[in-house]
């Protein structure tokens, strides 16, 4: 009789895990559904904010070609990226060669589709001189229309 | 009392083994599930959705086109103190005050207002060209905000001019 009572007490002390697992799985599914996996080409940078006319698209166009201008870690220089292809000015003997390489890459990336959407993402603390090389490369790559990335609201 | 007299006691080992086979071990699964949950919580990068301002890049224009429309120049310059100075056409340059608190309207609204009055004075229409001329040191933030302020007036013919 004593053993029976011990066994009974032991079975009563078990946790009912089913409800907890349900909640945990729901949380995982929730995070998997709401998170937008960052595309490799979306480099982390502080784009301009507080632009009231910036249009926030409902869905991110995965086919858009993104040209980024990113400051280096020490903020002394910049590097450019066309999708995930990176272009470091220090690797080029002249700016003309850098421009040529960038515009060629832009032409290759945009030639796959007519009216290709092109996004220009540049850090807000960069100077126009640093960004205009990307504008020149886009222009040389045959791009007429570009979308400038900016936040609609103040991010501070 | 002997254990054999208890109804719940089964001395037959093979029978006990068979009953255990149907048990699902939940502990490793819960471990993995929790690890996944922690991974997602730690790696999730919560940030606002980015917006976009449509812009047109400068193209080569013919001499006849250049003569037909005299564009209105909007010069934008960033000063070392962080302020932004704007000059519209031949009018006097003005400084744009930086926003001090959240409730204040966008500081570049003054550019829209002044540009509108210049356009009205000169009898220019919405399709007349505007030349946005930033200097080499102008911050990209100020260039985009100035562009946004011009775009606010429904002016669509805005061209970026390359800095020297």
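Of note:
- Considering the stretch A:140-156, the residues that are in contact with a helix residue (DSSP H, G or I) (Cβ under 8 Å, 6 or more places away or on another chain) and within 7 Å of chain B (Cβ to nearest Cβ) include one that is nearest to residue B:56 (Cα to Cα), namely A:146.
- Taking the criterion of being in contact (Cβ under 8 Å) with a residue 60 or more places away in the chain and at the interface with chain B (Cβ under 7 Å from one of its Cβ atoms), the only residue of the stretch A:97-122 that qualifies is A:122.
- In the stretch A:124-135, the residues that are in contact with a helix residue (DSSP H, G or I) (Cβ under 8 Å, 6 or more places away or on another chain) and within 7 Å of chain B (Cβ to nearest Cβ): A:124, A:125, A:126, A:127, A:128, A:131
- Scanning the stretch B:148-164 for residues being at the interface with chain A (Cβ under 7 Å from one of its Cβ atoms) and in a helix (DSSP H, G or I) gives a total of 2.
- Every residue from the stretch A:47-93 that is more than 14 Å from every other protein chain (Cβ to nearest Cβ), part of a strand (DSSP E or B) and over 23 Å from residue A:125 (Cβ atoms): A:85
Coordinate-derived values only; no laboratory data. A quick note: this is a predicted structure, and the numbers were derived from the prediction, not measured. Please note: Cβ atoms are built from the backbone with ideal geometry, for glycine as well, and neighbour counts cover all protein chains shown.
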